[in-house]
1. For the stretch 97-112, which residues satisfy the criterion of being surrounded by fewer than 15 Cβ atoms within 10 Å (Cβ to Cβ) and assigned to a strand (DSSP E or B)?
2. Please verify whether the stretch 21-30 includes one or more residues that are hydroxyl-bearing (Ser, Thr, Tyr), surrounded by fewer than 18 Cβ atoms within 10 Å (Cβ to Cβ) and at pLDDT 95 or above.
3. Anything in the stretch 40-57 that is under 22 Å from Arg111 (Cβ atoms) and modelled with pLDDT under 95? List them, or say none.
4. Say whether the condition of being among the hydroxyl-bearing types (Ser, Thr, Tyr), more than 13 Å from the chain's Cα centre (by Cα) and at pLDDT below 95 is met by at least one residue in the stretch 96-115.
5. So which residues in the stretch 41-99 are among the hydroxyl-bearing types (Ser, Thr, Tyr), touching a residue at least 24 places away in the same chain (Cβ under 8 Å) and touching a strand residue (DSSP E or B) at 6+ places or on another chain (Cβ under 6 Å), if there are any at all?
6. Just the residues that are touching a Phe, Trp or Tyr at 6+ places or on another chain (Cβ under 8 Å) and either under 10 Å from Pro126 (Cβ atoms) or of a type in the set (Val, Ile, Thr) (or both), please, taken from the stretch 81-108.
7. Scan the stretch 59-94 for residues that are at pLDDT 95 or above, surrounded by fewer than 17 Cβ atoms within 10 Å (Cβ to Cβ) and in a loop (DSSP other than H, G, I, E, B) and jot them down.
8. Please work out which one of (1) modelled with pLDDT under 95; (2) touching a Ser or Thr at 6+ places or on another chain (Cβ under 7 Å) is the condition Val34 fails and give its number.
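The values are calculated or read from the model by the stated rules, or taken from the named source; none is laboratory data. Everything quoted here is computed from the prediction, not taken from an experiment. Positions of Cβ are backbone-derived with ideal geometry, glycine not excepted, and every protein chain shown enters the neighbour counts.
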Amino acid sequence: MTETPSRLGSGWAFPVRPRQVGGGLAYASGAEKVREAILLVLRTEPGERVMRPTFGCGLRRYLGEPNTVATRARLVREVTGALDAWEPRVQLREVTATAGDDPSLVLLTVRYEHARDGSPGLLVYPFYLEG
């Protein structure tokens, strides 16, 4: 099935930026817009948005934590809960957290399907526990 902006959404690109050609603001649609929305959830701390005080993931509270199996398990629960709550356009298939090459790096991998058409999506989000 072909995805269309009306199925997955369209709007300003995030972060908000000018279009490279022709002026105005850049727009995103379809799978790109969903990916940007997932990143927005991951990068936002609860309490940052005045009109939606519970929006976000809360990853910053893990800064300074050791890169252990227990910490990574808590990160997986945090990401899963936030995306289930705030991104209805996806069905999560798997969220994993693995240690990266740097001792403070955790690679958060989100595998999902677009809820409307079942097309797969993958996002790998590098998160540094040392800020």
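1. Thr98
2. No, the conditions are met nowhere in the stretch 21-30.
3. Leu40
4. no
5. Answer for the stretch 41-99, where residues must be among the hydroxyl-bearing types (Ser, Thr, Tyr), touching a residue at least 24 places away in the same chain (Cβ under 8 Å) and touching a strand residue (DSSP E or B) at 6+ places or on another chain (Cβ under 6 Å): just Thr98.
6. Residues satisfying the conditions are Val90, Asp102, Leu105, Val106, Leu107, Leu108.
7. Answer for the stretch 59-94, where residues must be at pLDDT 95 or above, surrounded by fewer than 17 Cβ atoms within 10 Å (Cβ to Cβ) and in a loop (DSSP other than H, G, I, E, B): Leu63, Gly64, Glu65, Pro66, Thr68.
8. (2)
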